[in-house]
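Engineer: After the structure tokens below, expect a handful of questions from me.
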Amino acid sequence: AIEFIRANRQKPFFCYIPYNPPHSPFQVPDKHFEKYKTKGLDDKLACVYAMCENLDDNIGRLFSTLGNLNILDDTIIIFITDNGPNSKRYNGDMRGRKGSPHEGGTRVPCFIRWPEKIKAGTVVKQITSHIDILPTLKELTGAEKSETKPLDGKSLVPLLVGPFENWLDRKLYVNWKNRGGVRTQTHRLVVTPQETMLFNMVNDPSETFDISKEQP
């Protein structure tokens, strides 16, 4: 990726880097593993956290490359993950993990950096999804429209740079085999073969109280 960026630094480029960690196979440089193993963690968990630090190091190499080429502030950088953790570990007090339609299985971090257009410290509280990335990048870059099937996502430019107006509430759907969920700005509905649950995500972000019977 670094070599690709160097080779294309004089023109617009798109570089997608799908890192594997923290995921199986659980392998990481010894210097990172030993740091977390000495904290009393089992081998798998120590490797998970070590892989996260190794990931930080490599993202740092990318930032250094962009900085040395003097294109860091004119490059849109997006960091996003795919789903919740693949084992029982810290998950921000959210319910569920990978494979779960709960918040902990589907909510992920998304950071977008572009100092020339996006004000530092901007926080988007409206619910968004991976399907929004393509229309957002198309609008931010002014890329020519190409023929595609209708897009499910919507551009996040109004939320990132403004003007913020006429942003309508939406429903985001998730599905994993025979389990599904619907997320609105205020609630999450979870449906499994065994039960149907409803949670108020404003008052109960950890999904502790099922209110499906009280609010059918």
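The values are calculated or read from the model by the stated rules, or taken from the named source; none is laboratory data. Keep in mind that this is a model prediction, so the values were computed, not measured. Here the Cβ positions follow ideal geometry from the backbone for every residue, glycine too, while neighbour counts run over all protein chains shown. For accessibility, only protein heavy atoms count, side chains too; no ligands or nucleic acids. Shrake-Rupley method; radii C 1.70, N 1.55, O 1.52, S 1.80 Å.
Engineer: Provide, for the stretch 119-187, the number of lysine pairs with alpha carbons under 20 Å apart, each pair being eight or more places apart or on different chains.
Structural biologist: On the way: 119/138; 125/154; 125/171; 138/149; 138/154; 145/154; 154/171.
Close lysine pairs under the 20 Å cut-off: 7.
Engineer: Near the amide H of residue 179, under 5 Å away, which other amide H atoms are found, from residues 5 or more places off or on another chain, if H is placed in the peptide plane?
Structural biologist: Under 5 Å from the amide H of residue 179: no residue qualifies.
Engineer: Something else now. Taking only C-alpha pairs under 8 Å that are 6+ residues apart, what is the relative contact order of the chain in percent?
Structural biologist: Working: 271 pairs, mean separation 25.9, N = 216.
Relative contact order comes out at 12 percent.
Engineer: Kindly report, to the nearest 10 Å², the accessible surface of residue 30 as traced by a 1.4 Å probe over protein heavy atoms only.
Structural biologist: 110
Engineer: Charges only on Cβ, +1 for Lys and Arg, -1 for Asp and Glu: so what's the dipole of the stretch 1-152 about the Cα centre, in debye to the nearest 20? Intermediate values should be presented prior to the final figure.
Structural biologist: Numbers: 22 positive and 19 negative charges, 52 e Å.
Here the size comes out at about 260 debye.
Engineer: Here's something else I'd like to know. So the label point goes 7 Å from the Cα of residue 117 along Cα→C-beta, right? Which residues of the stretch 1-26 then have their backbone N under 20 Å from it?
Structural biologist: 9-17
Engineer: Taking θ = phi - 60°, what integer Hz values does the Karplus form 6.51 cos²θ - 1.76 cosθ + 1.60 yield along the stretch 84-100, in sequence order, with x for Gly and Pro?
Structural biologist: Calculated HN-Hα couplings, in order: x, x, 8, 7, 6, 7, 3, 9, x, 6, 8, 7, x, 9, 3, x, 9 Hz.
Engineer: Per residue of the stretch 33-47, what does 6.51 cos²θ - 1.76 cosθ + 1.60 with θ = phi - 60° give for ³J(HN,Hα)? Whole Hz please, x for Gly and Pro, Karplus curve as stated.
Structural biologist: 4, 4, 4, 8, 5, 6, 8, x, 7, 6, 4, 5, 5, 4, 5
Engineer: Read phi for every residue in the stretch 108-118 and hand back ³J(HN,Hα) as whole Hz from Karplus 6.51 cos²θ - 1.76 cosθ + 1.60, θ = phi - 60°, with x for Gly and Pro.
Structural biologist: Listing the rounded values in order: 9, x, 9, 10, 10, 10, 7, x, 5, 10, 9 Hz.
Engineer: Still on this structure, please answer the following. With the convex hull built on the Cα atoms of the stretch 106-214, state its orientation-averaged projected area in nm². Mind showing how you got there, number by number?
Structural biologist: Details: hull surface 36.7 nm².
Mean orientational projected area (the stretch 106-214, Cα hull): 9.2 nm².
Engineer: List the lysines whose alpha-carbon lies under 24 Å from that of residue 35, not counting same-chain residues fewer than 8 positions away?
Structural biologist: 44, 88
Engineer: Here's another thing I want to ask about it. Between residue 168 and residue 82, how high is the FRET efficiency from 1/(1 + (r/R0)^6) when r is the Cβ-Cβ distance and R₀ = 45 Å? Nearest 0.05. Kindly include the intermediate steps, with their values, before the conclusion.
Structural biologist: Values: r = 26 Å, r/R0 = 0.59.
Step by step, r from the Cβ atoms, then E = 0.95.
Engineer: Once amide H atoms are built 1.01 Å from N in the peptide plane, which residues 5 or more positions from residue 185, or in another chain, come under 5 Å H to H?
Structural biologist: Here 170 satisfy the definition.
Engineer: Alpha carbon centre of the stretch 1-67 versus the stretch 111-182: separation in Å?
Structural biologist: The stretch 1-67 and the stretch 111-182 have Cα centres separated by 26 Å.
Engineer: Now, a different point. Could you work out the local net charge near residue 2, counting Lys and Arg as +1, Asp and Glu as -1, over the other residues with Cβ closer than 14 Å to its Cβ?
Structural biologist: Numbers: positive: 6, 9, 61; negative: 3, 57.
Result for the neighbourhood of residue 2: +1.
Engineer: How large is the accessible surface per residue of the stretch 56-141, computed with a 1.4 Å probe and reported in Å² as a whole number? Don't skip to the answer; put the middle values down first.
Structural biologist: Details: 5210 Å² over 86 residues.
Accessible area per residue, the stretch 56-141: 61 Å².
Engineer: For Rg and Dmax of the Cα atoms in Å, several values are listed as (1) 20.7, 69; (2) 17.6, 57; (3) 19.9, 60; flag the one computed from this structure.
Structural biologist: Given (1) 20.7, 69; (2) 17.6, 57; (3) 19.9, 60, the structure-derived one carries the label (3).
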